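A.B. asks: First, the structure itself, so that you have it in front of you.
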Amino acid sequence: MLSDRHTSRRLLLVAAGMSLLGVAGCQGSQGADGGSATPGAEAAGAASDGPAAAPASAAPSVPSAPSASSVPQSAAPSPVSSAPASSAPGPAASGSPVAAPRPVAAAESKPVYELDAERRVVALTIDDGPDPRHTPTVLALLEQYRIRATFFLIGENAAVHPDLVREIAARGHHIANHTWTHPDLRNLSDARIRDELERTSDLLNKATGKPPTWFRAPGGDWSTASLKIAADLGMRNMAWSVDPRDWARPGTAVITDRILKDVRPGAIVLNHDGGGDRSQTVAALKKYLPVLIDSGYYFTAPPG
Ligand SMILES: [Zn+2]
């Protein structure tokens, strides 16, 4: 078992640089991926979660060797984001150098639903932030378990909390584009779609010094135009394969159970740290992350 774990760690290095394959059939029906969650289930779920989520119970599951950390492993330079050093400062740059995005080939513009992984690798994605109520707690949890995740940020939230954007990036996580206002892209003109994506990419670029290389449509509601525009702006489209519908606040136990039931090697898990009260999601992370780690799973942020 121990040797198997070491093997998996080595392979994660490979996984960090691997290419991703889109797997059809997981159509996003997330609906209100954020804003309009029903408040009904909130009290019961949140109230019953606290005691079981004590960090102490999770501590033994943290890999003991620092080298086991998924943070440095998945920090390998990504082939897509490594645009030639064209780091000319943007017109409104606030200090950070800004790299120009490089368009993505049309063949790579279709949404990616799972990682192409045979090993027990999971990509954790966290949407709709940053949100000062929850993002710092999530970051602390990810650090505790040495997990590297991908944050799909909403531009208007990022504009209000630039410190959180920089904090997410400084901790080694991927920062990705989730539109400026979280609209249903299927209802927008091409010009408005481009504005939603481009404005957000520009902001994240200026905040972190590099353009985001992944985009996720709100609710997973892609359109032909949005796929193409994202590719034109240098972003691949990332969907998900495990959706606990945490945005609807079904209760921490339900969120946890859905994830543990559906996760398999290569899964892309969808969680939220913004768009409303996400205390159930935070509590669920405390429960399911150590379980997955104990089950031999490793976390990665897909390379750009
Ligand atoms: Zn969203």
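A.B. asks: Identify, from the list Val98, Val71, the residue that is at pLDDT below 95 and touching a Pro at 6+ places or on another chain (Cβ under 7 Å).
C.D. replies: None of the others qualify; the one that does is Val98.
A.B. asks: Still on this model: When the residues of the stretch 189-210 are narrowed to those that are touching a residue at least 12 places away in the same chain (Cβ under 8 Å) and among the hydrophobic types (A, V, I, L, M, F, W, C), which ends up surrounded by the fewest Cβ atoms within 10 Å (Cβ to Cβ)?
C.D. replies: Leu203
A.B. asks: Could we say that Asp257 is over 17 Å from the mean Cα position of the chain (by Cα) and of a type in the set (Asp, Glu) here?
C.D. replies: Yes, satisfied.
A.B. asks: Filter the stretch 143-163 down to the residues that are crowded, with 18+ Cβ neighbours inside 10 Å and among the aliphatic types (A, V, I, L, M) and list them by number.
C.D. replies: Passing the criteria: Ile147, Ala149, Leu153, Ile154, Ala158.
A.B. asks: Can you pull out the residues in the stretch 211-232 that are open to solvent by less than 20 Å² (accessible area, probe 1.4 Å) and of a type in the set (Gly, Ala, Ser)?
C.D. replies: Within the stretch 211-232, Ala217, Gly219, Gly220, Ser226, Ala230, Ala231 qualify.
The values are calculated or read from the model by the stated rules, or taken from the named source; none is laboratory data. Just so it is clear, the structure is predicted and the values come from calculations on it, not from any experiment. We place every Cβ from the backbone using ideal geometry, glycine too, and count neighbours over all the protein chains shown. Side chains included, ligands, DNA and RNA excluded: accessible areas come from the protein's heavy atoms. Shrake-Rupley method; radii C 1.70, N 1.55, O 1.52, S 1.80 Å.
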